[in-house]
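These notes are about the structure you will find just below.
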Amino acid sequence: MAAAKGNKYALLRDDYPTYTDEEIKALGEELIEWSKNAEEIHFMGFCLDHQRSYNWLRTLASDNEKFKPYYKTAKAAMAAKMLRLSFYNKNVNAYVGMKYLSRYDDDYKELLDQDAARSKTKNEDGYLNLADLKEAFTKDKK
């Protein structure tokens, strides 16, 4: 029996189909080759080439354990490309590269998160004031 018209499950099945192991391997190898050779710096280009939504790869990697290593390898290739383009190319701003690098490099994203947590203890001007220091010392003694 066919799904009812407008059935959300049937609509999602078109966006996120199930794949065989051979299809996963072929798709993963294609993704790695694309990430090394393509001029794009975002996975959205690969998704558009396959007429899928922009979060298709991330969802596929989280749902399919066999695709996850291919996705991580492609992310590493994209991070290397981002570093090469942003720091060694005069035509690309390094700030833009650093911003997008956190999408592909999990270690770099963790460092950014640590810096953000540390900066929450500072004032707007970047310095701790006496009230902040007093509060920090009195918390330790209680």
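To keep it simple, each residue is scored yes or no on (1) surrounded by fewer than 12 Cβ atoms within 10 Å (Cβ to Cβ); (2) part of a helix (DSSP H, G or I); (3) aromatic (Phe, Trp, Tyr); (4) modelled with pLDDT of 70 or more.
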residue: Met78; (1), (2), (3), (4): no, yes, no, yes
residue: Met82; (1), (2), (3), (4): no, yes, no, yes
residue: Val92; (1), (2), (3), (4): no, no, no, no
residue: Lys109; (1), (2), (3), (4): no, yes, no, yes
residue: Asn123; (1), (2), (3), (4): yes, no, no, no
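Checked against (1) at pLDDT 90 or above; (2) outside any helix (DSSP H, G or I), Arg52 passes all but condition (1). Is there any pair linking a residue in the stretch 97-113 that is without any contact (Cβ under 8 Å) to a residue 40 or more places away in the chain and of a type in the set (D, E, K, R) to one that is part of a helix (DSSP H, G or I) and surrounded by 13 or more Cβ atoms within 10 Å (Cβ to Cβ), with Cβ under 7 Å and at least six apart or on different chains, and which? Here the result reads Asp105/Ala79; Lys109/Ser102, each pair linking the stretch 97-113 to a residue that is part of a helix (DSSP H, G or I) and surrounded by 13 or more Cβ atoms within 10 Å (Cβ to Cβ). Can you pull out the residues in the stretch 35-52 that are farther than 17 Å from Leu101 by Cα and either loosely packed, with under 13 Cβ neighbours inside 10 Å or free of Cβ contacts under 8 Å to residues at least 12 places away in the same chain (or both)? Residues satisfying the conditions are Asn37, Cys47, Leu48, Asp49, His50, Gln51.
The values are calculated or read from the model by the stated rules, or taken from the named source; none is laboratory data. Since this is a predicted model, take the numbers as computed values, not measurements. Methodologically, a virtual Cβ is constructed for each residue, glycine included, from the backbone with ideal geometry; neighbour enumeration extends over all protein chains shown.
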